[in-house]
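Novice: Let me give you the structure first, and then I'll get to my questions.
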Amino acid sequence: MRYAYYPGCSLERNAAAYDESFRLVAEVLGMELVEIPDWNCCGATEYFSLDLLPAYALVARNLALVPEDLDQVVAPCSACYYNLLKTDKNMAAYPKLASAVNESLAAGKLHYTPGRVRSRHALDVILEDFSLEDLAAHVEKPLRGIRLAAYYGCVTVRPMGHDDPEYPIRMERLLKALGATVVEFSLRANCCGGHMTQLDAETAYEMLHYLLRNAAKLDVDALVTACPMCQLNLDAYQGQVNSHFGTDFHIPILYFTQVMGLAFGIDPDALGFGQEIVSAERVLEKFRNPPEEEEKKPRRKRRDKDALPMPEPLSGGGR
C-alpha cells in the first residue's frame, strides 16, 4: 500500500500531532507514505476567493509533483483534500481551465493530466482500504471507558465526502472498533466557523460555544476530529469562548489518528499528546487506568441513552 502523501501547511505547525500520529498509524497498518517532493501550500480558501487561475495552478503543481509510479495522494487536512480533489475534477470538466493551468505549470517544466492522481482524505483511506476487523486486529489497548464523540465539521463530509453529509457515521464505527464508548453528538457535521475567528470574533465564539455546550452536556472525555481547522478553533479558542460566555469548558480536541495510535499501543508522546492547548491528560488517565469491567446487564434493560446505536451501512457506500 503506497500512497503519495501531502501533509499541507497545518501539519507542519499547529497540527503537527496529526502528522506525527498519522505517520505512526500508517506504519502499523503497513501503509507507505511517500511525501510529495517540494510540495507547496494548497491556498486554503483565500486564494480561490481572490484569483482562480493562480489558485488552481498552485494546487495542480502538487498533483503534478506526485511521483509517476503513484496514482493516489492522501491528505489528512480536509481543506487540502478538498482543494486537491476540486482541482483535479474541474480540470477534467473544463478543458480551457486545464489548458490555462498547464500553461502556468509549464513555466516550472511541469504538467498535470486530469485524472492521473486520485485525491483522498486520510479518514477515507483508513476506512475504505481497511475493514473494521482489520483495524480492530491491531488494537492492543482498547479505549475502554473513554467517552468519545466524533466531530467531522463541514468539509470532511461535504460537498464531496464519502458519508452522509448530515448524519455521517464512519468515524463513530472506527471509535467503536477501538473499544471506546461512542457518544451520539448531533452537531457532528456543523461548521466550526473556519476563519471566522479572524473576521468576526463574536460570531465565531457563538458558533464554537454552540458546539462545546452540546458536547459538555454529553459528558464526553474528548471530541475527535479529522480536520486541523476544526481542531484549532475548538482547542485554541476554547479559553476565549469561556471568557466571552462565562463558561468553564475543558474539552480536549483530539485527532482520530491520535486515539487510533493509543489503541494500537503507541506511546502518547510520540502521538503528539501534550501539544494540545486544552489538556488531554484526563483522557490519558482513563486510558492508563480503565474502569473495571461491569457485569453484563440483562438484555431486557435499556442501553445507556447516550451510547451510539450503530445504524446499518448506508446503501451505495454513503450518499
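Yes or no, residue by residue, for (1) surrounded by fewer than 20 Cβ atoms within 10 Å (Cβ to Cβ); (2) of a type in the set (Val, Ile, Thr):
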residue	(1), (2)
ASP38	yes, no
CYS41	yes, no
TYR47	yes, no
ARG61	no, no
LEU70	yes, no
ALA75	no, no
ALA79	no, no
THR87	no, yes
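Novice: Taking the stretch 189-206, which residues are surrounded by 18 or more Cβ atoms within 10 Å (Cβ to Cβ) and under 24 Å from GLN275 (Cα atoms)?
Specialist: CYS192, GLY193, GLY194, MET196, THR197, ALA204, TYR205
Novice: Now for a separate question. Given (1) surrounded by fewer than 15 Cβ atoms within 10 Å (Cβ to Cβ); (2) modelled with pLDDT of 95 or more; (3) of a type outside the set (Ser, Thr, Tyr); (4) closer than 22 Å to CYS77 by Cα, identify the lone condition not met by ASP219.
Specialist: The one condition ASP219 does not meet is (4).
Novice: Identify all residues within the stretch 206-233 that are closer than 18 Å to MET171 by Cα and part of a helix (DSSP H, G or I); write none if there are none.
Specialist: LEU211, ALA215, PRO228, MET229, CYS230, GLN231, listed by residue number.
Novice: Test of understanding: among GLU128, GLU103, which residue is in a helix (DSSP H, G or I), over 28 Å from ARG2 (Cβ atoms) and acidic (Asp, Glu)?
Specialist: GLU103
Novice: Going through the stretch 140-180 one residue at a time, which ones are within 22 Å of VAL283 (Cβ to Cβ) and of a type in the set (Asp, Glu)?
Specialist: GLU140, GLU172
Novice: Quick one: in the stretch 93-108, which of the residues that are under 24 Å from PRO159 (Cβ atoms) and exposed (fewer than 14 other Cβ atoms within 10 Å of the Cβ) is nearest to the chain's Cα centre (by Cα)?
Specialist: Here the residue is ALA93.
Novice: Moving on to the next point. Taking the stated definitions as given, is VAL25 among the β-branched types (Val, Ile, Thr), outside any helix (DSSP H, G or I) and either over 27 Å from ILE253 (Cβ atoms) or within 15 Å of the chain's Cα centre (by Cα) (or both)? Reasoning before the result, please.
Specialist: Values: among the β-branched types (Val, Ile, Thr): yes; outside any helix (DSSP H, G or I): no; either over 27 Å from ILE253 (Cβ atoms) or within 15 Å of the chain's Cα centre (by Cα) (or both): yes.
No.
Novice: Another one. Inspect all residues belonging to the stretch 236-246 and state whether any of them is closer than 18 Å to SER186 by Cα, among the β-branched types (Val, Ile, Thr) and at pLDDT 95 or above.
Specialist: For the stretch 236-246, residues closer than 18 Å to SER186 by Cα, among the β-branched types (Val, Ile, Thr) and at pLDDT 95 or above: absent.
Novice: Here's another thing I want to ask about it. Looking only at the stretch 109-127, count how many residues are surrounded by fewer than 15 Cβ atoms within 10 Å (Cβ to Cβ) and either touching a helix residue (DSSP H, G or I) at 6+ places or on another chain (Cβ under 7 Å) or in the same structural domain as LYS176 (by TED's automatic domain parsing) (or both).
Specialist: 2
Novice: Can you pull out every residue in the stretch 271-285 that is assigned to a loop (DSSP other than H, G, I, E, B) and either modelled with pLDDT under 95 or touching a helix residue (DSSP H, G or I) at 6+ places or on another chain (Cβ under 9 Å) (or both)?
Specialist: Step one: list which residues in the stretch 271-285 are assigned to a loop (DSSP other than H, G, I, E, B), which gives 271-280.
Scanning the stretch 271-285 gives LEU271, GLY272, PHE273, GLY274, GLN275, GLU276, ILE277, VAL278, ALA280.
Novice: Checking the structure you have, find out if any residue of the stretch 261-270 is closer than 30 Å to LEU199 by Cβ and at pLDDT 95 or above. Let's see the steps before the verdict.
Specialist: Taking the stretch 261-270 and keeping what is closer than 30 Å to LEU199 by Cβ, we get none.
Among the residues of the stretch 261-270, not one is closer than 30 Å to LEU199 by Cβ and at pLDDT 95 or above, which makes the answer no.
Novice: While we're on this one: Say whether the condition of being touching a Pro at 6+ places or on another chain (Cβ under 9 Å) and part of a helix (DSSP H, G or I) is met by at least one residue in the stretch 190-205.
Specialist: no
Novice: Further, regarding this structure: Would the stretch 70-79 turn up any residue that is in a helix (DSSP H, G or I) and within 25 Å of ARG158 (Cα to Cα)? Step through it out loud before you land on a result.
Specialist: Of the residues in the stretch 70-79, the ones in a helix (DSSP H, G or I) are 78-79.
From what is left, the residues that are within 25 Å of ARG158 (Cα to Cα) are 78-79.
Within the stretch 70-79, one or more residues are in a helix (DSSP H, G or I) and within 25 Å of ARG158 (Cα to Cα).
Novice: Related question: Please work out if VAL59 is in contact with a strand residue (DSSP E or B) (Cβ under 6 Å, 6 or more places away or on another chain) and closer than 24 Å to PRO159 by Cβ. Explain how you work it out, then say what you get.
Specialist: Details: in contact with a strand residue (DSSP E or B) (Cβ under 6 Å, 6 or more places away or on another chain): no; closer than 24 Å to PRO159 by Cβ: yes.
It is false that VAL59 is in contact with a strand residue (DSSP E or B) (Cβ under 6 Å, 6 or more places away or on another chain) and closer than 24 Å to PRO159 by Cβ.
Novice: For the stretch 234-254, how many residues are closer than 25 Å to ARG173 by Cα and among the aromatic types (Phe, Trp, Tyr)?
Specialist: 0
Novice: Still on this model: Can you confirm whether the stretch 112-120 contains a residue that is under 16 Å from the mean Cα position of the chain (by Cα), modelled with pLDDT of 95 or more and not acidic (Asp, Glu)?
Specialist: Yes, the stretch 112-120 has at least one match.
The values are calculated or read from the model by the stated rules, or taken from the named source; none is laboratory data. Just so it is clear, the structure is predicted and the values come from calculations on it, not from any experiment. Here Cβ is always computed from backbone atoms with ideal geometry, including for glycine, and neighbour counts include all displayed protein chains.
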